Amino acid sequence: MEPTSKKVLKLIRFLANMSLLEAEVANNIRRFIRELDKPLLKNFLRFCTGSDLIIADWGK
């Protein structure tokens, strides 16, 4: 499946009870992912997961 920033953001989970600093980091990560173009998003996924594809069960 072709990765998009919207799809990647749907898959990322953060803790519900984060400190202010942790919440700031989470927001920065979300903003960073939203601003990536397709080639950079693929590179980001490859760095984080070892694959530039999204394989997830979207029915859940």
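For region 10-55, the list of trypsin sites (Lys or Arg not before Pro) that fall in a loop by DSSP and count at most 10 other C-beta atoms within 10 angstrom reads 13.
Entry note, the chain: the mean residue ellipticity at 222 nm calculated from DSSP H runs of n ≥ 4, each adding -39500 (n - 2.57), is -18000 deg cm²/dmol after division by the residues and rounding to the nearest 500.
Summing Cβ point charges (Lys, Arg +1; Asp, Glu -1) relative to the Cα centre of the chain gives a dipole of roughly 160 debye.
Quick note: the coordinates plus some simple rules give every number you see, no bench work behind them. Since this is a predicted model, take the numbers as computed values, not measurements. Glycine gets a Cβ as well: all are built from the backbone with ideal geometry, and neighbour counts include every protein chain shown.
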